[in-house]
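Below is one structure; the comments refer to it alone.
The values are calculated or read from the model by the stated rules, or taken from the named source; none is laboratory data. Predicted model, so just to flag it, every value in this text is computed and none were measured. Reconstructed Cβ throughout: ideal geometry from the backbone, glycine too, with neighbour counts over all protein chains shown. Each accessible area value is taken on the protein alone, full model and side chains, heavy atoms only, with ligands, DNA and RNA left out. Shrake-Rupley method; radii C 1.70, N 1.55, O 1.52, S 1.80 Å.
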Amino acid sequence: MSASAPATTVSATRDGTPRRAAVRLRPQRHSRDRPRRSLLLTLLTGLVLLYTLVPLAWLLFNSTKTQAGLFDSFGLWFDGDFALFSNIADTFTYNDGMFTRWLLNTLLYVALGAGGATFLAVLGGYALAKHDFPGRRAVFAVIIGAVAVPGTALAVPTFLMFSEMGLTNTPWAVIIPSLISPFGLYLMWVFASEAIPTELMEAARIDGAGEVRTFFQVALPLLAPGIVTVLLFTMVATWNNYFLPLIMIKDPDWYPLTLGLNSWSAQAQTAGGEVIYNLVITGSLLTILPLIAAFLLLQRYWQSGLAAGSVKE
């Protein structure tokens, strides 16, 4: 019994008249109400957490060390000399501030590529979810097939096509392919199907709103959690994109951070180039900080059920 139930007891007074009294029993707690704890699942979760945090801790500790301290101290602890701020300054000033140029290039690719991919995914997902037109099933099959194809498999054909158009070694060779996100389109399709009540759209049309106004004033606010999710996915994919810029761009002035840090790492492995190991590590730390900040700032928008209660049944 989950709720307490009163129990009646009978007692006698001095003159023998029976008297009833209600006694409330305490509810019994069953073991099935308690969540089960799996020791194996806890251990696996701890291993995954350790696997995730140890590289980040190593990166944080070693970015505070000098060039000599990297090889003289233990990797998972601080050195005697705290050189984080000097390493950051050297990273931004080394090679005439090339790290700053790579950072701005990456921000450009993310703003146009990831932003454009999110915008197109929102438009396409909304249209596929809330509008009926011939060929919807065919479009669904194409999207599922595109999700199953890895991006690296399309890199070489994309390079040949862009080479014929003369767009290689330009920012457009990275931005235009980044505008296509089959997974983002599929995600917005599924989300829009559940997040936007059809009755709400019909009410807006009855009130005289056109399709454009219905989308921007009614549907778009309800799609905010899905938009943020797709934006984060496309932003991370564009920020960490390595193979596509590798085959498309040869000019170091248009490198993103991934290619730039790789070139520094290759330089550090040559004779006399080991003096920039600390810059490679510090640059790697600076590269992941914007992604962490984006997740922390946008996590409050990861909510569901914004349309709950908007339609009265």
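I'd like the carbon and sulfur percentage of the solvent accessible area for region 54-109, probe radius 1.4 Å, heavy atoms only, ligands and nucleic acids excluded. It is 71 percent, rounded to a whole number. The portion of the accessible surface of region 182-288 made up by carbon and sulfur, rounded to a whole percent, is 64 (1.4 Å probe; DNA, RNA and ligands excluded). Shape verdict for region 109-162, please, from the Cα gyration tensor: rounded (a/c under 1.5), prolate (a/b greater than b/c) or oblate. Cα axes put region 109-162 in the oblate bin.
Only protein heavy atoms count here; on that basis, with a 1.4 Å probe, ASP79 has an accessible area of about 50 Å². Each of LEU104 and LEU43 was given a label point 7 Å from its Cα along the Cα-to-Cβ line. The distance between the two points is 5.4 nm. Kindly identify region 38-191 as rounded, prolate or oblate by the Cα gyration tensor criterion: order the square roots of the eigenvalues as a ≥ b ≥ c, call it rounded if a/c is under 1.5, otherwise compare a/b with b/c, prolate if a/b is larger, else oblate. It comes out oblate by the Cα gyration axes.
The accessible-area ordering, largest first, of the residues TRP102, TRP254 stands as TRP254, TRP102, per a 1.4 angstrom probe.
Test of understanding: what is the full-extension gain from GLN67 to GLU164, defined as 0.36 nm times their sequence separation minus their Cα-Cα distance? Walk me through the numbers before you get to the answer.
On the way: separation 97, 0.36 × 97 = 34.92 nm, distance 4.54 nm.
Value of the extension gain: 30.4 nm.
Each part gets one Cα centre, and for region 139-183 versus region 102-127 those centres are 14 Å apart.
Here's the picture: a label point sits 7 Å out from the Cα of LEU289 along the beta-carbon direction, and within region 46-85 the residues with their amide nitrogen under 13 Å of it are 60, 63-64, 84-85.
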